[in-house]
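Have a look at the structure below before the remarks.
The values are calculated or read from the model by the stated rules, or taken from the named source; none is laboratory data. Just so it is clear, the model here is predicted, and its values are computed rather than measured. Backbone-built Cβ (ideal geometry, glycine too); neighbour counts: all protein chains shown.
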Amino acid sequence: MPAPKLLLAVILVSMGCGAAQAQVQPAHDPAHVPAPHATANPAAGAVREMSLAQLGVDYAITLRGTQASVGIPFSVRGDELVTAASLQLHYSYSPALLPELSHLAVTVNDVAVATLPLPREGAGQPRSATIPIDRRLVGDYNRINIELIGHYTRECEDPAHSSLWAKVDASSSLRLTAEPFAAHADLGTLPVPFFDPRDPRRLRLPFVLGDNGFPTLEAAGIVSSWFGALAGYRGAVFPVSAGVLPADSNAVVFAMPGTTVPGLQLPDIQGPGLAVIDRPGDPIRKLLLVMGRNPAELRTAAAALALNSRALSGSTTAVANFQEPPVRRPYDAPRWIAGDRPVRLGELAAAEDLNVEGYTPDVVKVNLQVPPDLFAWRSRGIPLELGYRYTPRAHADQSTLNINLGENFIGSLPLRAANPNPWWNPFARTLLPDGTAGERKTIHLPPLALGARSQLRLHYYFQPDAGPCKALLGNVRGSIDADSTVDISRLPHYLAMPELAAFANGGFPFTRLADLADTAVVLPDAPGQADQEIFLALMGQLGNATGYPALRVSVGGASKVSQWAGKDLLVLGSLQGQPLFAQWAGRMPLAHGHGVQAFRVGTWFDEALKFVAGTRRREDLPSVAQMAISVGGQDAALAGFESPLAAGRSVVAVVASAESQSALLNAMMSPEMLRRIQGSTSIVRGTEVHSLLGGETYYVGRLPPVAWVQWKLSRNPLLLAGLVLALAFIGAGAAYFSLQRRAHRRLREGPPS
C-alpha cells in the first residue's frame, strides 16, 4: 500500500483519527498569511501554514438545515509525505441550537475524524478549534466533509428554519509538516516533479541558462510557456541562474556543448535531447536537461518537450524526426471558445461537474474564456442554448435555476411542478424516463459581463417545504445538459486599443495566434537577470491564457527591433536599461523629470478633443493625470500604444527593474490586482495598481462595412453632424434643381388655355 502523501490542495477541515481530540477555544483573531509558493522541492521537514482563502475558499461556508453538509476536495503532492498536520478551524453557530442534539461532524474520505460540540456558552460568537489530522487518512486525492447536525426543538421542527445555521470562516488555516522523498528519475512522470497538478500553490521553478543569448531565451520561453499553461490559475515564476544550480530545488537546465555548470557532469550531446537526472549529491531533487548542439537543436528539444511530454519515457531520450505543427490559425487557442461553431458545455466542463443534488447543492461552474476583442456592440448578447433537468416540484413554489456570469446576475428560470394530467395544466412539465423534468431555454449573455476569463455559474435553488413536521426529501437533483451550447461565431473581432485589460487577462494582442507567431519580445541588448525572469514569467502567463506553448515567439535585443516591424511587440526592461523607452517617448505617456519618471496622460485640450473627434472615453478611469514613478526602480509600469514601426500593430511596454519585479509579477498573477490593470497605462506600486486611459486610440480587427460605418458615426459627433449637413445640402440641392426644372418646363408650355 503506497504511503500517504502531503495534503496540499484545498480547504481542509480535518481532524485526527480515532482518539484525536479537538482543542476548542472561544475566540479568534485571524492573521493574514502571505500567498505560498510551490518550490521545486521543499526543504526537509518544512512547515507551511495556509488559510482556506489561500487554498481557494475565500468566503465563509454557511451550513443551513438539520443535516447540511459541504464537501471540500484537497490533494497531495506526489513527492512529499505528510508527517504532521493540523487544522485551526474558526467557526460560529446559532444560539438557538440545542447542545445535546446538535454538533459539527467532520469526515476525511468518508472516515469520521472529529465531532465538535455546540454548547450554549459562546453560541453566536467566533470560536476556534485546533484539530490534529492523522496522516494515515490522506491519499493522493481526498475529500473533507463538514456536516451540521442541528436541532432547535425536541418537538416537530421546520427543517428549513432560519435558526438552523453554522459558519466556517475562510480564515481557518491548515498547518502541514512535510518530508520530501526520493523518486526515480524518469521522463515518463513529466511534468512531475517539476510541476505537480496536485499542488495549489504558485509554481516556482528555477531555470539554469548556460548561455544567456537570445536563442537560448527563445527555447526557455517555450518551456516556461508550457509550464505556465500547466500551472493555470496558480501562476508561475522562473528564477534564473547563469551556470549555477539553485540550492534545495528541482531545476531546468538548458545546455549546449561548452556549457559548464559547477558540480554537474553533462552527458555527451549528440543532437536535440531531453533527460531527467538526480541532482548531484541529492537524490531527492531532480534536474530536467534540455540539450542541443546549437540553438536550433536546443529550440527543437524545447518544442518536443512542450508538445510530446506524454510520449516520453526513460531517463534520457534523443529527439529524432521531430516535426513542428503548422502555424496556428487566428483565435484557435485551445483554452478559448471556438469562434467558428457553437461550443457544447460538455467540452468546457466534466460531466460529473454538471450534476448536483440536495437542497443546498454546489454551484455548477463552467469556465468561458473568449477572445478579448469580441465586438458585441448593438447585439442582443451571446446566445446560450441552455438545457437543464431537475426533480419536479411537488407543487408550485419559488424554486429557480439562477444564472450568473462571474459576479453579474443574468437571470433566473423557474423550476416548475409536475402534473400527472397536463390537459388541466398547460404549464406542467413532461417527465423524462428518470423522473426528472427537462427544459431548454435561450439565454443571451450580456457582452459587457463576458471578459477574457469569465465563469458561468448555474445554481439550483430548491425551496424546502416550510413548516414543522415536514421532512425534506433526499432525492432532489439538478443537471445541466452537456449538449447546451454557447455561440460566439456571429460576433466580429474589433477592439479599441490600447487596452491593458485585454493583455493582462487574455494576453491580447499577442495571443491572437496561440503559438505567438506574430509576437516579438524586445529585451535590452544585454538583458539582466530581472529582465530574463520577467520575460519567462510573462511567457508563462501567455501560455496560461492560450493553453499552448509559445513555439514561434521571436526574442531579441532593442538594436534589432526594425526587423520585427510587422509583429506585435512586447518590450521589456528598466527605464535605464531599455533604450526603446527613450526612443519612443513621444508615443509613450512619459515625461522626464528630476529624480522621478512621470507618466502623463491627457490634457484639457485632449479632453475637449475627445468630444469633437469621438475618442474613446471611460468614466471609471482618469484620463487627465500625471503620476510619478521612482527612477530607483521601486515602481513598475505597463503602457500600451500603437507600434511606431507599423500602423495597426501594438506595443506593450513593461517597465520594471529587479526592485519592482516581484510586485509586477504578483499583480499579473493576483486576481484582485489583475482586474485593476486596464486602460492605456498601469502603475504598480507595491500592492496597489493605478490605471489611466489616454493617448492615441487605434483599432485592431475588422468589422463588416455597414457595422463599421455605424460604429464610426456613433463615435464621432463631428463627422455625424457633417454627414447630416452634407445630406441636407444634397437634399436641398436636389429639391432646388427639381423645382427649377419644373419651373422652366411650365414657362415653356405657357399658361393653360
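Here are the numbers for the structure shown:
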read-out	value
Single match in A247, A333 (criterion: within 24 Å of P371 (Cβ to Cβ), of a type in the set (A, V, I, L, M) and part of a loop (DSSP other than H, G, I, E, B))	A333
Subset tally (residues that are surrounded by fewer than 15 Cβ atoms within 10 Å (Cβ to Cβ) and among the small types (G, A, S)) for region 439-461	0
Single residue of region 101-137 satisfying the filter (assigned to a loop (DSSP other than H, G, I, E, B) and more than 29 Å from H161 (Cβ to Cβ)) that is modelled with the lowest pLDDT	N109
Residue list for region 370-410, restricted to those being under 30 Å from G648 (Cα atoms) and part of a loop (DSSP other than H, G, I, E, B)	V370, P371, P372, D373, F375, A376, W377, R378, S379, R380, G381
Tabulated pairs, region 157-172, first crowded, with 21+ Cβ neighbours inside 10 Å, second among the β-branched types (V, I, T) and in a loop (DSSP other than H, G, I, E, B), C-beta under 7 angstrom, 6+ apart or interchain	P159/T66; L164/T66; V168/V13; S172/V13
Single residue of region 55-73 satisfying the filter (of a type in the set (S, T, N, Q) and assigned to a strand (DSSP E or B)) that is modelled with the highest pLDDT	T62
Test result for L187, hydrophobic (A, V, I, L, M, F, W, C) and either buried (at least 21 other Cβ atoms within 10 Å of the Cβ) or closer than 30 Å to P95 by Cβ (or both)	no
Selection count where residues are modelled with pLDDT of 85 or more and either among the aromatic types (F, W, Y) or not assigned by TED's automatic domain parsing to the domain that holds A123 (or both), scope region 74-100	2
Subset tally (residues that are hydroxyl-bearing (S, T, Y) and surrounded by fewer than 24 Cβ atoms within 10 Å (Cβ to Cβ)) for region 492-518	1
The listed residue being of a type in the set (K, R), surrounded by fewer than 23 Cβ atoms within 10 Å (Cβ to Cβ), under 12 Å from A537 (Cα atoms) and within 20 Å of the chain's Cα centre (by Cα), out of R198, R204	R204
Unique match (being modelled with pLDDT of 90 or more, basic (K, R), assigned to a loop (DSSP other than H, G, I, E, B) and outside the structural domain of R552 (by TED's automatic domain parsing)) among R328, R299	R328
Output for region 63-111, where each listed residue is buried (at least 21 other Cβ atoms within 10 Å of the Cβ), of a type in the set (S, T, Y) and under 30 Å from R198 (Cα atoms)	S75, S86, Y91
Any hit, region 352-362, residues being among the hydroxyl-bearing types (S, T, Y), at pLDDT below 95 and in a helix (DSSP H, G or I)	no
